[in-house]
1. Using a 1.4 Å probe on the protein heavy atoms only, what accessible surface does Phe46 show? Give it in Å² to the nearest 10.
2. Under 5 Å between amide hydrogens, which residues at least 5 positions from Gly140 or on another chain qualify, with H placed 1.01 Å from N in the peptide plane?
3. Working with all protein chains in place, sort Trp107, Trp43 by solvent-accessible area computed with a 1.4 Å probe, largest first.
4. By how many nm would the segment from Trp43 to Ile18 lengthen if fully extended, with 0.36 nm per residue of separation less the alpha-carbon distance?
Amino acid sequence: MTARPGADPELREMFARIPKVDAVRPARRGALRGLAGWGRRHWNAFAVAAVGLFILYGGPTALGGGASALAVTGAAVALGAFVAASYVPAPGARVDLSPCALMPLLWAVAFVPWAFGTAGMNPVVALGVLAVFAVQRATGVGCRV
């Protein structure tokens, strides 16, 4: 005959000393680990990069190119500026300059030739690739951030 685990007081005491899984809370890690430690320096870098990329991406010509050209250029400027600002190191941290980690920054700078140049890629597809790199930088997935 088998006794229930809680029937014996000695067994009940032994089981009470065993930590339960839900007694330990996992460390909270937000979905945007790459944004941990963002401060004023990062937002300043974002603003400077946005102005520079707007000029680099041909923003003044996009202003006369219709709503779709302006939307693609504006989205690319926002994503590219975020990618560029994500390379500003947090205080006490180092920037990873491995080839894998530099790909998002390279794509942010080379967006115009790929989207509108001789490469012949659709601007929306190029914008999608830039968005994937921005998500990589924001989440910290992929290369070290």
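The values are calculated or read from the model by the stated rules, or taken from the named source; none is laboratory data. Everything quoted here is computed from the prediction, not taken from an experiment. To get the accessible areas, we keep the full protein, side chains included, count just its heavy atoms, and leave off ligands, DNA and RNA. Shrake-Rupley method; radii C 1.70, N 1.55, O 1.52, S 1.80 Å.
1. Estimated to the nearest 10 Å², Phe46 gives 60 Å².
2. Residues meeting the criterion, in which the H sits 1.01 Å from N, are Gly34.
3. Most to least solvent-accessible, the answer reads Trp43, Trp107.
4. So the extension gain works out to 4.2 nm.
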